[in-house]
1. What's the ranking of 108-116, 49-57, 2-10 by average number of surrounding C-beta atoms within 10 Å, highest first?
2. Could you size up the charge dipole of region 73-195 around its Cα centre, putting +1 on the beta carbon of Lys and Arg and -1 on that of Asp and Glu, and report it in debye to the nearest 20?
3. Quick one: angle between helix 95-111 and the longest Cα principal axis of the chain, in degrees between 0 and 90, rounded to 10, please.
4. Would you kindly work out the equivalent ellipsoid of the chain from its C-alpha gyration tensor and give its semi-axes, the square roots of five times the eigenvalues, largest first in whole Å?
5. By how many degrees, 0 to 90 and rounded to 10, does the Cα axis of helix 302-313 deviate from the longest principal axis of the chain?
6. Would you mind telling me which residue in Leu353, Leu190, Leu93 has the biggest mean-square fluctuation in a Gaussian network model of the chain, where springs connect alpha carbons within a distance under 10 angstrom?
7. At 1.567 mPa s and 4 °C, plugging the Kirkwood radius over alpha-carbon pairs of region 1-120 into Stokes-Einstein gives what diffusion coefficient in µm²/s?
8. Could you please tell me the mean projected area of the C-alpha convex hull for region 265-313, averaged over all directions and given in square nanometres to one decimal?
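Just so it is clear, none of the values below were taken in a lab; they were calculated from the coordinates. Everything numeric in this text was worked out from a predicted model, so none of it was measured. Note that each Cβ is placed from the backbone with ideal geometry, even for glycine, and that neighbours are counted across all protein chains shown.
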Amino acid sequence: MKQVVISGTGLFTPPHSISNDELVTAFNAYAEKFNAANAEAIAAGEVAAIEPSSSAFIEKASGIKSRYVMEKTGILDPERMVARIPERGDDELSLQAEICVAAARDALARAGRSAADIDMVLVACSNMQRAYPAMAVEVQQALGIDGFGFDMNVACSSATFGIQTAASAVQSGQARAVLVLNPEITSGHLNFRDRDSHFIFGDACTAIVVEAADTAVSEHQFEIVESKLKTSFSNNIRNNFGFLNRFDETGVGKPDKLFRQQGRKVFKEVCPMAAEMIAATVASAGLKVEQVRRFWLHQANLSMNQLIARMLLGREAEPDEAPVILDTYANTSSAGSIIAFHKYQDDLKAGDLGVICSFGAGYSIGCVVVRKR
Ligand code: CO8
């Protein structure tokens, strides 16, 4: 079968960072205000008081210290707790397309490619800004790419599923090169009034160029050795936001139309699934886990990644073996494992093996074994 490589990656990091302390101060101001306004109902047992959040808890439970967002003043305003970003007109480049273009330019430069070399654009992420036209078609036009584009959503696993889709398109001859984009504006679907989850996510966009090995020109090539995808239905991470919401006005704006999860259950169920998938994908490539030089894991929770590494290796992973970016980026959904891959790849030598693995809502798990060329 035709050899396929990842020839370049790119990253857009939003301009604003929010520390745990800043986030907690805003949340606690909101909670105090809510509790004061509902004091009588709380005393009568009719309404539950909102407990305060804490930076110490957030860092201990998740490993997250800060996160990047597209806009922070609105999120940190206890009266609002949503970013303030004005709507754009139909004739302006949309926000999600704009961050795709920024990450794409970075990836194309690293791949030594221009728009003329790309035949297919895939926007693969957890949330699309609109129903249609597809984000990918807008990005295609903004970059001046001739060919076709479409959107796909497999939540946190969108990037790895996107890589596999792109590799198949190159292998079948459908495209010479594919641009995969993961614009995760997660702050749009995060409930900043929910103590259990207000700290979990951050915004970012990654870009990946996938093309045929025999014509690739980049100095940053990774051969795709093997990949496996798996989905298994679960309601433990769910968001009911959608275009049918308006059929029933009573549900509009309710918390189930934002991200929510059973964090403990997700942790317990997904870690073994991810470890098994990595082991199976490495084995099906005829390799041993001990031969893998680096694991670029989905960046949701530090303890989760430590546990997966222990399950695989039978020991703690060295920081260099499973790099962490969630401390400063938080969970950027599908972009997380690609940010780790993008930032921690230049020291690898020809022949070094690595695994990109994502896991999340669906459940969905995507695993890609790569070899540095
Ligand atoms: N401050 C202080 N205390 C808190 C806070 C807080 N902010 N939040 C909860 N607590 C309390 C709880 O009330 C609880 O108290 P008690 O013991 O008295 O009941 C105690 O702290 C422990 O709470 P938890 O059991 O919830 O805490 P955990 O240790 O389980 O940590 C985590 C919570 C961090 C959420 C953890 O469970 C986790 O990370 N789980 C895995 C989650 C995960 O990986 N999810 C992946 C989903 S991402 C994905 O697939 C993409 C979806 C699409 C993205 C859409 C964009 C938004």
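1. My ranking of the peptides, most packed first, is 2-10, 108-116, 49-57.
2. My answer is approximately 360 debye.
3. Rounded to the nearest ten degrees, it is 30.
4. Semi-axes, largest first: 35, 25, 17 Å.
5. 40 degrees
6. Maximum among the listed residues: Leu93.
7. For the chosen part, D equals 71 µm²/s.
8. 3.2 nm²
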